[in-house]
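Enquirer: Structure provided below as structure tokens; questions to follow.
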Amino acid sequence: MKRGTSVIELIVYGALFALVSIGAIDLIRQSYTVMAKVRLQREINTEGELSMQRMMREVRLASDIIMASSTLYASPGTLKLQTYADDGSGATTTAYFYLSSGVLTLAKATSSIALTSSHSTIDNLVFRLIIASTTSKAIKIEMRLIATTSAFSIVNNFYGTAIFRGSYNQ
């Protein structure tokens, strides 16, 4: 009766262990890649949805568009609205949406805030004026947001339409 293992058995066991280890390491690496993509997708979706909601809210609160200061039907678009102050006083002010180095920015009254982060870039922003009748006006917004890491890129398109305040009344 023999005791122990032969050299051939050790080589076979070693090769099987190496194959299983390589498969497990590749599975872990792919899991991390998928997790990173999902995290980036969630971030870009959240950022795009929040910035679209803010633009649409400002359009809904606005009384009119300032055509001379707006760039419509082209990218990068700009949109300047005649709107009301946030303090509830009823005083009129302007809200101005524009791109600054690929970051969506809102300038309102004396302050400006970035609506998207520097981790993502907007490469397409188009505002379209919709006039449905003599009293009804709306803005259609198209935006493409890109987030890039060293390994991959995620691109999402966002669309929205908002009717100006009071323009739907007859």
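Values quoted throughout were computed directly from the atomic coordinates according to the rules given, and no laboratory measurement underlies them. Quantities reported herein were computed from a predicted structural model and do not represent experimental measurements. All Cβ positions, glycine included, derive from the backbone under ideal geometry; neighbour counts span all protein chains shown.
Enquirer: When only C-alpha pairs under 8 Å and at least 6 residues apart count, what is the relative contact order of the chain, in percent?
Expert: Working: 291 pairs, mean separation 33.2, N = 170.
Relative CO of the chain lands at 20 percent.
Enquirer: How high is the FRET efficiency between Thr92 and Asp123 when r is their beta carbon distance and R₀ equals 41 Å, given to the nearest 0.05? Please report the intermediate quantities before stating the final value.
Expert: Values: r = 33 Å, r/R0 = 0.80.
Efficiency, rounded to the nearest 0.05: 0.80.
Enquirer: Let me ask something additional. With Rg/Rh (Cα atoms, Kirkwood Rh) in mind, check (1) 1.23; (2) 1.38; (3) 0.93 and report the label derived from this structure.
Expert: (2)
Enquirer: Provide, for the chain, the number of lysine pairs with alpha carbons under 27 Å apart, each pair being eight or more places apart or on different chains.
Expert: On the way: Lys80/Lys108; Lys80/Lys137; Lys80/Lys140; Lys108/Lys137; Lys108/Lys140.
Taking the Cα cut-off of 27 Å, the pair count is 5.
Enquirer: Projecting each Cα onto the charge dipole of the chain (Lys/Arg +1, Asp/Glu -1 at the beta carbon, about the Cα centre), which of Leu99, Ala24, Gly160 comes out farthest on the positive side?
Expert: Toward the positive end, the furthest listed residue is Ala24.
Enquirer: Quick check on the chain: helices-only [θ] at 222 nm, where DSSP H runs of length 4 and up contribute -39,500 (n - 2.57) each and the sum goes over total residues. Nearest 500, please. It would help to have the intermediate numbers written out before the result.
Expert: Details: 1 runs with 55 residues, N = 170.
Mean residue ellipticity, 222 nm, calculated: -12000 deg cm²/dmol.
Enquirer: Something else about it: Could you tell me which chymotrypsin sites (Phe, Trp or Tyr not before Pro) in region 1-101 are loop residues by DSSP with no more than 14 other beta carbons within 10 angstrom of their beta carbon?
Expert: Values: sites: Tyr13, Phe17, Tyr32, Tyr73, Tyr84, Tyr96, Phe97, Tyr98; in loops: Tyr73.
For chymotrypsin sites (Phe, Trp or Tyr not before Pro) across region 1-101 that sit outside H, G, I, E and B with at most 14 neighbouring Cβ atoms in 10 Å, the list reads Tyr73.
Enquirer: Here is a further query. When only Cα pairs under 8 Å and 6 or more residues apart are kept, what is the percent relative contact order across region 71-133? Don't skip to the end; give the middle numbers.
Expert: Values: 111 pairs, mean separation 21.0, N = 63.
Here the relative contact order equals 33 percent.
Enquirer: Given R₀ = 35 Å, what would the calculated FRET efficiency be for Tyr84 paired with Val155, taking r from the Cβ atoms and rounding to 0.05?
Expert: Numbers: r = 35 Å, r/R0 = 1.00.
Efficiency for this residue pair is about 0.50.
Enquirer: How large is the charge dipole for the chain, taken about the Cα centre, if only the Cβ atoms of Lys, Arg (+1) and Asp, Glu (-1) carry charge, to the nearest 20 debye? List each step's numbers first, then the result.
Expert: Numbers: 16 positive and 11 negative charges, 55 e Å.
Dipole size: approximately 260 debye.
Enquirer: Between Thr135 and Thr46, what FRET efficiency follows from the Cβ-Cβ distance if R0 is 41 Å, with the result rounded to 0.05?
Expert: Working: r = 36 Å, r/R0 = 0.87.
For Thr135 and Thr46, the calculated efficiency is 0.70.
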